[in-house]
Each structure stands twice: as C-alpha cells, then as structure tokens.
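One structure is given here, and the rest of the page talks about it.
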Amino acid sequence: MSKKTAVMTEKERVEALLNGKKPDRVPIWPFALNGFATIYNKLSITDAYTNPEASYQSQLKACIDFGFHMNITNFNDRVAAEIPSLIEKGITTLKVFTA
C-alpha cells in the first residue's frame, strides 16, 4: 500500500475551507469538532476522514445543533477587519477572550 504525500498543510486546509475553497482532503480540525461530530452523528471513522461530504454534513449538523462559535484569543485591528467576512461565511457568533 502506497502512502499519499500531503499537498497542503493542516493550516492551509482549514484556511481553504474558511475561504470557500476546496482542500486536498478533509482536514483534521484543530478544535476537535470532527471527532465530536463523528461520534454525535454516528459516522464511521473511515467516512469521517475519507468522505468529505459525509464529514462536512456531520460537522454542519453538530454546529447547528450545538451552536458552536468562533473563539478569538488575540483581538487586534487585523482580526477586527476580518469580522465582516466571517459573518458572510456563516460564522454568526464570536467569543472574545480579554484576560
């Protein structure tokens, strides 16, 4: 069995998704939503990591059912400028940490 060589980094995959572009494969989400969504929606581990549509639908359902939101840990002018584009992409709630 041959091993696939990664074309994109994990960061590039997530950034591609956030920018409405197609990554080279389903990313392993840094905030572990995929693992939770897989269990919550009774998706097989194989499908979670090899079936992009099933993984996407599973994560979307978990986000809708639980109302997950984006966390901002370093608020600055660049982040503030990006907030309108987040809303356009469907991220409607933000949590800002100030301490």
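The values are calculated or read from the model by the stated rules, or taken from the named source; none is laboratory data. Keep in mind it's a predicted model, so treat the numbers as computed, not measured. Cβ atoms come from the backbone with ideal geometry, glycine included; neighbour counts cover every protein chain shown.
Within the set of pairs 6 or more residues apart or between chains, which connect a residue that is under 16 Å from Arg25 (Cβ atoms) and among the polar types (S, T, N, Q) inside the range 54-65 to a residue that is at pLDDT below 80 and not in a helix (DSSP H, G or I) with Cβ atoms less than 6 Å apart?
Ser55/Val26
Criterion first (at pLDDT 85 or above, touching a helix residue (DSSP H, G or I) at 6+ places or on another chain (Cβ under 8 Å) and of a type in the set (A, V, I, L, M)) does Leu43 satisfy it?
The answer is yes for Leu43.
Looking only at the range 75-92, which residues are at pLDDT 80 or above and either more than 17 Å from Glu15 (Cα to Cα) or assigned by TED's automatic domain parsing to the domain that holds Arg25 (or both)?
Within the range 75-92, Phe75, Asn76, Asp77, Ala80 qualify.
For the range 39-61, enumerate the residues that are among the aliphatic types (A, V, I, L, M) and under 18 Å from Thr93 (Cβ atoms).
Scanning the range 39-61 gives a single hit, Leu60.
Taking into account only those residues within the range 30-40 that are part of a helix (DSSP H, G or I) and over 13 Å from Phe66 (Cβ atoms), which is modelled with the lowest pLDDT?
Asn34
Identify the residue in the range 62-74 that is surrounded by 13 or more Cβ atoms within 10 Å (Cβ to Cβ) and closer than 19 Å to Glu88 by Cα and, among all such residues, is modelled with the highest pLDDT.
Filtering the range 62-74 for residues that are surrounded by 13 or more Cβ atoms within 10 Å (Cβ to Cβ) and closer than 19 Å to Glu88 by Cα, the one modelled with the highest pLDDT comes out as Ile72.
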